[in-house]
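What follows is a single structure, written as structure tokens, with notes after it.
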Amino acid sequence: MAVAPAAEAPRAPTGAPAAYRHLFDEAFMRRLERLQLISQRMHGAASHGGRRSKKRGTSVEFADYREYTRGDDLRQIDWNVYGRSERLYVKLREDEESLTVHVLVDCSRSMDFGRHNKLAYARRLAAALGYVALCNQDQVEVSGFGERVISRLPSLRAKAQTNRLFTFCSDLRPAGATDLKAVLRSYASMNRRSGMAILITDLLNPGGLEGLASLQDRGYEVVLLHLLDPLETDPEALGEVELRDREDGNMVRLSLDAMTLDAYRHRLNTWIEETETFCFKRQVRYVAVSTATPLEDLLFRQFRARRIVT
Amino acid sequence: MTLLSPWGLIWLLAVAAVLGVYLLRPRSRRVEVSSIWLWQGVLKEESARSWIQWLKRHLLLILQVLVALVAVFLLARPALSRTVPVGRTVVLAIDASEPMLANDGNPAVVGGATGVTRLQEAKARAHELIAQLEPGDRAIIAAMADRVEIAAQGSLPQDARALRTGIDRIQVRPAELDIAHALHVLDGLTQTARVGEIVVISGGVFDAQQATYRPPVAIQVLQVGRGEADNQAVTALSARRDTRGDLQVFTRVRNFGDQPATGPLRFTVDGQLYHEQQITIPPQNSWESVLTEFPPDAALIQATFGRRDLLMLDNLATASVPSPVARRVLLVGGRTEQLERALRAVPGVDLTKQEPQAYAPAGFDVYVFEGWFPPEPPPGHWVLIDPPTNGSTIAVSNTLGRRTTDRGREINEAQVARILPSPLLTGVDFTGITVTEGKRVSLPEWAEEVVSARDAPLIFMGYPRPYRAVVYTFDLRSTNLFGRIGFPILIANTINWLTGEPVGQASTEERTIVPGAALQVQPLPRATHVQVETPDKRTYRFDGNSALRFLDTVLPGAYTVTQFAGSEAIARRVHVASVLQPGREMAMGDLKPRADAAHISTVSGPQAAQFLILGPGAEPAHSEWWRFLGVLILGGLIVEWWWFHR
């Protein structure tokens, strides 16, 4: 099964909702349904779902033993242990809960750039991850942000809400500049339920990484998907150029030659390495994603390898 | 540095064009990026090396402008002016004319005693000049007089000895210096020279006015001798017999000096002093006299002016008393009295007449056959008049005469049509001579035409070995020659040419040659041997069966040529070698340097002998830079190409 190139409209199965046709075909979605987001932490959840919870519950998953006290449900006594030790122990079972997956998509103008448009790639990636979450009975919240959160999809719980998810993702449009730090701080403060925060951004915002701390302080498990287009990693322009900033329209004049481009690439790699180091220290899962990478390869190979999905 | 083609700088406009194209070209492209945040750092680095960036940004333009400038510079042909050493060709033209024997040469130059001739000084000067030449120079030693002779030529230093030997071998020729001719020859000698120079070493006795042409090289005149004029010369001495047979001797002595000259004038007759008298000649004047009462049998008379002067050689003159050479002529079959009279009128001719039947060919120098020819050619020179139809060595095919053409026009086939230059016709006017009838003969291989009809020879002459011959193809009676004054001259010319005597000159006249010139002797057929006696009484003996050229005539004086038939002297002739050429005595005796002699020089300013040659040979040259500039342009283009495609 092939994933359609990001710049092209994918073929949707017959009878699929309109939003599907912009994002994935049916076969791809069937494959997504077999994926599950991996959360490295257990989060307290308000509702039962398909994930382990800190709370001990009634699920079939064994958690621990404790001595029987009065009032305990006799059905939970492990008679096998009693047979061996003649002491009453009660089986503690994990309480299964649902995971809240926050997908934050950078919708600044800098994302609307690239040989394979980063925002288009981000839309599909967000939609795919959201769909994976819905298929696993996780709650999904998707937000688009620039200098602030500019659009927000309220919590989705069921697979039946896929269409809303895809429609929302398809409708994300570039707008304004980025203020990642302020946006993340704001997002962390206004959400009561933490969970997995998947941040899809190009990070082209000096100091934006500081905002990750705001999320973590609120108990978010952060996954940072750093989008980079080939035009950014390997610029093609040569000679006398005027570089125009996509976001603020500022311009700089440069004479691009091999030496200048080498310096740029060095600087870019240093920046990526610094970001990765930062994330490692802050236990943020970081994945640098090239928009030239097919989404199928990213989801089914790279994310699996990086333990983002399973 | 000079620009050989400064107009090439007009291509600087091309440089302006390059700049214009650069200025008009589209500026930097606008490229949109997601953010310039990452580029800011690069920009800082670039700013830190801004001048390098500026250079890099404009390197193509700079290279193009530089290449264009160098190309324009190249088109203007920049060159360094310098002089390059080059071997000179120096012609040392030494005057070898007769006045160079004047003894007023500078003894200090020669290092000898007094009495140094101008030629000796000239040679010494030439040696000094040879010493001034540098390795690589080429020298030509030329001796100038009436003609120019190359005495030696070669390059320094390997040919120095040959050059010096050539200088030493130069001898005076008894002739005037023909400076105009000499300059033409010297021009030819220097035409191939890159740096040519002519040094004329002369006593200055020549007519510079004649030299209107100057070779396009440096010409310098180095005058030798003190330039004195104290010279006297016997400019004329001739002896002749008057109508009574008495001997008359005419003498002229010229004083070319500026002071009166007094001295003894001595006459010797056949080597014996005969008369002496003291004479005084005013300056620039002549003493003349006609002396008589010489012995009637005198053969050789010499006059000597005894005063010491610049040139003693011209103080002696020699004259021979003219006497005809005896030639025995046999006339066979003579038809006319006019021919017989004409033959007898030739001086020295001893005529014998025979009929063809009595023909006895022996002991004659010339055989004249008229209307008959013997079966065998005679043993001497011969003349054939009106060749017979048969039995002659001349093949007669037909007769020439009046006839009517196909168109009915009457023509004379024997009419004179061509008259060619010939010694036979010297003094003979052949125009108006009519020939009414003749013999049509083919011109023999040994003969050349003298007078011809339209398609047949009338008179021809030649050398049917071993003798000479003249043929008249017509009967003298069928012409109007007898009535013409030129007829006896024609006959005399014929006899004189056959016997080797001067044609157009009475055989009794004195024969004068210049010393060194060949003395030509045509022995008579009867002669068995020839003896030549020189002025210093040396004798030479030659066979008498062929012509001879006697070359040992360097000494001025009398050369006596005697022809013998066995032991009998059958002819005697005195040839006088005179220093003063006949007709040029006055000019050659004047040894004073001419005032305008130095005018042939093309280098101004007085020149000392030791600095006469004009310094080291060098010629201006330009070293162009096109190779270097070409490599520079190529290198610039390569760098530009590399920079553009890197």
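The values are calculated or read from the model by the stated rules, or taken from the named source; none is laboratory data. These numbers were taken from a predicted model, which means no experiment stands behind them. Don't worry about glycine lacking a Cβ; one is built from the backbone with ideal geometry, like all the others, and counts go over all protein chains shown.
Sub-6 Å Cβ pairs linking a first residue in the stretch A:248-270 that is within 7 Å of another protein chain (Cβ to nearest Cβ) to a second residue that is of a type in the set (Lys, Arg) and crowded, with 17+ Cβ neighbours inside 10 Å, at least 6 apart or interchain, are A:Ser255/B:Arg57, ordered by first then second residue. Out of A:Arg185, A:Arg173, one residue alone is part of a helix (DSSP H, G or I) and charged (D, E, K, R). It is A:Arg185. Applying the criterion of being touching a Pro at 6+ places or on another chain (Cβ under 8 Å) and away from chain A (no Cβ under 14 Å) to the residues of the stretch B:2-44, the residue that is surrounded by the most Cβ atoms within 10 Å (Cβ to Cβ) is B:Leu3.
Return yes or no: is B:Ala558 aliphatic (A, V, I, L, M), outside any strand (DSSP E or B) and either within 28 Å of the chain's Cα centre (by Cα) or within 20 Å of B:Pro502 (Cβ to Cβ) (or both)? Write out each step before concluding.
Values: aliphatic (A, V, I, L, M): yes; outside any strand (DSSP E or B): no; either within 28 Å of the chain's Cα centre (by Cα) or within 20 Å of B:Pro502 (Cβ to Cβ) (or both): yes.
So B:Ala558 does not fit the description; no.
Which of the residues belonging to the stretch A:184-209 are without any contact (Cβ under 8 Å) to a residue 40 or more places away in the chain, more than 14 Å from chain B (Cβ to nearest Cβ) and touching a helix residue (DSSP H, G or I) at 6+ places or on another chain (Cβ under 7 Å)? Can you show your working first?
So the first thing to find is which residues in the stretch A:184-209 are without any contact (Cβ under 8 Å) to a residue 40 or more places away in the chain, and the list is A:185-186, A:188-190, A:192, A:206-208.
Still in the running and more than 14 Å from chain B (Cβ to nearest Cβ): A:185-186, A:188-190, A:192.
Of everything in the stretch A:184-209, those that are without any contact (Cβ under 8 Å) to a residue 40 or more places away in the chain, more than 14 Å from chain B (Cβ to nearest Cβ) and touching a helix residue (DSSP H, G or I) at 6+ places or on another chain (Cβ under 7 Å) turn out to be A:Arg185, A:Ala188.
Within the stretch A:144-158, which residues are assigned to a strand (DSSP E or B) and out of contact with any helix residue (DSSP H, G or I) (no Cβ under 7 Å at 6 or more places or on another chain)? Answer for the stretch A:144-158, where residues must be assigned to a strand (DSSP E or B) and out of contact with any helix residue (DSSP H, G or I) (no Cβ under 7 Å at 6 or more places or on another chain): A:Gly144, A:Ile150, A:Ser151, A:Arg152, A:Pro154, A:Ser155.
The residue that is nearest to the chain's Cα centre (by Cα), counting only those in the stretch B:399-411 that are outside any loop (DSSP other than H, G, I, E, B) and closer than 13 Å to B:Leu458 by Cα, is B:Leu400. Just one of (1) within 14 Å of chain B (Cβ to nearest Cβ); (2) touching a helix residue (DSSP H, G or I) at 6+ places or on another chain (Cβ under 7 Å); (3) buried (at least 21 other Cβ atoms within 10 Å of the Cβ); (4) hydrophobic (A, V, I, L, M, F, W, C) fails for A:Leu212. It is (1). Per this entry, B:Arg240 is counted among residues that are in contact (Cβ under 8 Å) with a residue 60 or more places away in the chain and closer than 30 Å to B:Arg344 by Cβ.
With respect to (1) closer than 21 Å to B:Glu448 by Cβ; (2) in contact with a Phe, Trp or Tyr (Cβ under 6 Å, 6 or more places away or on another chain), the lone exception for B:Leu400 is condition (2). The residues on offer are A:Asp234, A:Asp217, and the sole one that is modelled with pLDDT of 85 or more and either within 14 Å of another protein chain (Cβ to nearest Cβ) or over 27 Å from the mean Cα position of the chain (by Cα) (or both) is A:Asp234. Considering only residues of the stretch B:416-435 that are assigned to a loop (DSSP other than H, G, I, E, B) and surrounded by fewer than 17 Cβ atoms within 10 Å (Cβ to Cβ), which is farthest from the chain's Cα centre (by Cα)? Per the criteria, the residue is B:Thr434. When the stretch B:80-124 is filtered for residues that are among the acidic types (Asp, Glu) and in a strand (DSSP E or B), only B:Asp95 remains.
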